[in-house]
Amino acid sequence: MQNRTLYLTVFVLSLASLTGCQKKVIYATPQITGQVVDKKTNQPIANVKTVIGGNAFAFTGAQGRFTVPPVTYEYIVKYPNHREVMSIGNTSFSISKPGYEIKSYANGGLASIPKPYTEKSYVNMGQIYLMPVPVGKERDYKTYYQTLDYCKPNQSQKEVDCIPVPEGKTYEQVSSN
C-alpha cells in the first residue's frame, strides 16, 4: 500500500508540474519570400541559396521563387518563476549562387518583428536582381545592407535595391521618413 501511495503521489506531482509549465514559441525572424532574377537577362535564377540567420534556408525553384521559413525558438515557461524573452538579436538574410554577386541584408532592416515575438511576420522581398560575375569572384561583389528601404512610388527594383510596399499600404505608411 505504501508503494502505491508513493507512485500516486509522484504521478500527481509530475502532472501538476507539467500543467504549471507552458510551451511557447517565439519568432526570431520573419518568413521571407521573393524572386531572384538575373539583372542582365531579366530571367529567373534557379538554385540560388537563400539563408536567414544561418538556421533556415531555401533554394529558388525554376522560376527563381523562394520562401524561407521563420527561425523559431521553443521554450517552456515555468510558473511562478518565469521570464519572458525580451529581445531578439538581429540576424542576416543572404542570397548567393556561384557566378553571381552575393547580397546580405540585416534582419532589422527588412522588417520589425512584433513584440513579444509570438506572432509570425512576413516580408515579401519582391524581385531581387543579381549581377553575374566571374566564377570565384563572388566575394569581390558582396553587398551588405544595414537597412533596406521600401520602394518609393517611382523606383524600380531593378535599378534600386528596395522592398516593395506591402499590399494595401502606401509608401508614406511604411516609410520611416
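Looking at segment 132-158, which of the residues that are modelled with pLDDT under 85 and assigned to a loop (DSSP other than H, G, I, E, B) is least open to solvent (accessible area, probe 1.4 Å)?
Restricting to residues being modelled with pLDDT under 85 and assigned to a loop (DSSP other than H, G, I, E, B), the top hit is LEU148.
Name the single residue, out of those in segment 65-92 being within 23 Å of GLN127 (Cβ to Cβ) and either hydrophobic (A, V, I, L, M, F, W, C) or in a strand (DSSP E or B) (or both), that is modelled with the lowest pLDDT.
SER92
Please find, within segment 41-74, the residue that is most open to solvent (accessible area, probe 1.4 Å) out of those that are over 14 Å from the mean Cα position of the chain (by Cα) and among the small types (Gly, Ala, Ser).
Per the criteria, the residue is ALA62.
What number goes with the only condition from (1) at pLDDT 85 or above; (2) in contact with an Asp or Glu (Cβ under 7 Å, 6 or more places away or on another chain) that ALA62 does not pass?
The failed condition is (2).
The values are calculated or read from the model by the stated rules, or taken from the named source; none is laboratory data. It should be emphasised that the depicted structure is a prediction, and the values quoted were computed from it without experimental measurement. When we count neighbours, we look across all protein chains shown, and the Cβ atoms used for this are built from the backbone with ideal geometry, even at glycine. Heavy atoms of the whole protein, side chains included, go into the accessibility calculation; ligands, DNA and RNA do not. Shrake-Rupley method; radii C 1.70, N 1.55, O 1.52, S 1.80 Å.
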